[in-house]
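Input: a single structure, listed below in structure tokens.
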Amino acid sequence: MLSFRSTTVVFVLAGALLFGSAPSQAQSDCNANGIPDVCDLACGPVGGACDVPGCGTSADCNANGVPDECDIANCPPSDPSCQDCNLNGIPDGCDLATASWTLRSVTGLKPSARQLLGLAYESARDRTVLFGGSESAQGQVVGDTWEWDGTTLAWTPRDPGDPNGVAAPTPRALFAMAYDSVRGVTVLFGGYTSLPNVFGDTWEWDGSSWTLVHPADPTGATAPTPRRGSAMAYDSLRGVSVLFGGSDIQGGTETLRDDTWEWDGSVWNRCFPPTSPSARGGHAMTYDSTRDRTVLFGGQSSVPGVRLDDTWEWNGGGGTCSGTWTQLAVVSGPSQRNEAVMSYDSARGVAILVGGHGENIIYGDTWEWNGNSWTHRSNAGLTPHSGPGMAYEGARQMTVLFGGWDGTYFDDTWEYGLTSQDCNANGIPDGCDTDTDGDGVPDDCDQCPFDPTNTKVDGQCIPTLSEWGMITMAGLMLSAGGVVIVRRRAGRGITNYE
């Protein structure tokens, strides 16, 4: 029987080599604090050369062997990467390369505390949709549908659910869900309420209502057998949702599966690749759109109490079910776990894996897979979460996480993204760029740089009377008719005044 629960974890920031060079002398003391730079960065073994008072107190965000304060103090004016424009003690290049978690303060309505839910980002409507989940260890499952608006940081209830499973999926947890960006629908498969009550129906959400698009098939001839704990990711290149594994009930016994299926919007197709990941449930999957690979990690194995830490990729192939699975050689990566979640950050080109349930521990760590290796990132305040929902919002370049469990059920909303954005790619954090109207959007990226409400009329910005002063001070001549139209041209945010 699959288990889905447990405790805690903590760790530190891993930087990336962005700029600068290592000190030429091992004993250099760039900040003149009487401690060699190498000892500023780490104390080393007890009794060693760096085991001195004040050791290990400096950060090295870009891993160049130089304390951050020295990168900033000795930064050439022509190098934006080592400036510290916002005076936060972090070189700007690290601000623009380091992602972190932020707990969002949500006012108004929000989903109840839960785990083992589904979350998917609907790019066509710029909304993240949430469905279902488990509210208690006693098997209290829900079937409500919510939407997250990342711009206003607000949750909106969209569908209360249908306990009879006619107008919406029956309340459930541990189902698979993914967004089909070609057809503009969120696909949901399977799940369970309590054993042996597992589901095998397929539903789609179009932004306003749910539709049953394929009934359950207990035989597994026309669809995956009813099951819980499977994982699904949408392959946008080939226009299919890829599903792997999970556990079904055969002869009264729960059995883990190692089968691969593809849903094309009309039918399920069973795939028979020569090699597959072992049977499992509660694993994590996401689609890497840059490399056209579906990435799979971990899960619960068929051996009771044994979880997995292997990484696999499905290449999709050239036609229906013509892909192959490949296990990737990993030197170091996330530990054995199930109930972790994964999504793909297309802006940074990494698959993000978070949390999960290990042996007597609940994880709160964050890992990133770049197609070759795993990198351990700081959780930056994210508490341990098992079985949350997670999705990547492409419009805002932000990963959204909701809910989960660590002995207590959560109703928290977190977002993971770069510490600072650089919308105009000039190497300067947006918070340090010119922002005439003070709306938080640099002028180069602002559709209406003189209007904090970003109001547009027929694609044009019409300055208000209070903005005439700004325009006049900018040395612009007003037209005889007394009307100034501000137009934004494509490219580097050029503004024309006519």
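Points to keep in mind about this one:
- When residues of segment 54-76 are limited to those that are over 33 Å from the mean Cα position of the chain (by Cα) and modelled with pLDDT under 90, the one surrounded by the fewest Cβ atoms within 10 Å (Cβ to Cβ): G54
- Of all residues making up segment 187-199, the number that are touching a strand residue (DSSP E or B) at 6+ places or on another chain (Cβ under 6 Å) and more than 15 Å from V240 (Cβ to Cβ): 8
- Qualifying residue in segment 384-396 (condition: among the aliphatic types (A, V, I, L, M), part of a strand (DSSP E or B), closer than 18 Å to L130 by Cβ and touching a residue at least 60 places away in the same chain (Cβ under 8 Å)): yes
- Scope segment 335-347; condition in a loop (DSSP other than H, G, I, E, B), buried (at least 18 other Cβ atoms within 10 Å of the Cβ) and under 16 Å from the mean Cα position of the chain (by Cα); matching residues: E339, A340
- All conditions but one from (1) crowded, with 16+ Cβ neighbours inside 10 Å; (2) of a type outside the set (G, A, S); (3) under 22 Å from D406 (Cβ atoms) apply to W314; the one that does not is (3).
- Flag for L195 being assigned to a loop (DSSP other than H, G, I, E, B), out of contact with any His (no Cβ under 9 Å at 6 or more places or on another chain), of a type in the set (A, V, I, L, M, F, W, C) and assigned by TED's automatic domain parsing to the domain that holds S346: yes
- Filtering segment 210-233 to residues that are closer than 13 Å to G165 by Cα, of a type outside the set (A, V, I, L, M, F, W, C) and assigned to a loop (DSSP other than H, G, I, E, B) leaves only P215.
- Scanning segment 84-104 for residues that are among the polar types (S, T, N, Q) and in contact (Cβ under 8 Å) with a residue 60 or more places away in the chain returns N86, T98, S100, T102.
- Cβ pairs under 6 Å, 6+ apart, first in segment 222-246 and among the basic types (K, R), second buried (at least 24 other Cβ atoms within 10 Å of the Cβ) and part of a loop (DSSP other than H, G, I, E, B): R228/L174
- One residue from T107, T156, T152 being without any contact (Cβ under 8 Å) to a residue 60 or more places away in the chain and not in a loop (DSSP other than H, G, I, E, B): T156
- Flag not set for I90, criterion: farther than 30 Å from G246 by Cα, outside the structural domain of L195 (by TED's automatic domain parsing) and at pLDDT 85 or above.
- Residue count for segment 120-151, restricted to those that are of a type in the set (V, I, T) and more than 17 Å from Q397 (Cβ to Cβ): 4
- Filter pass, T453 being touching a helix residue (DSSP H, G or I) at 6+ places or on another chain (Cβ under 9 Å), modelled with pLDDT under 80 and not assigned by TED's automatic domain parsing to the domain that holds Q138: no
The values are calculated or read from the model by the stated rules, or taken from the named source; none is laboratory data. Just so it is clear, the structure is predicted and the values come from calculations on it, not from any experiment. FYI the Cβ positions are ideal-geometry reconstructions off the backbone, even for glycines, and counts take in every protein chain you see.
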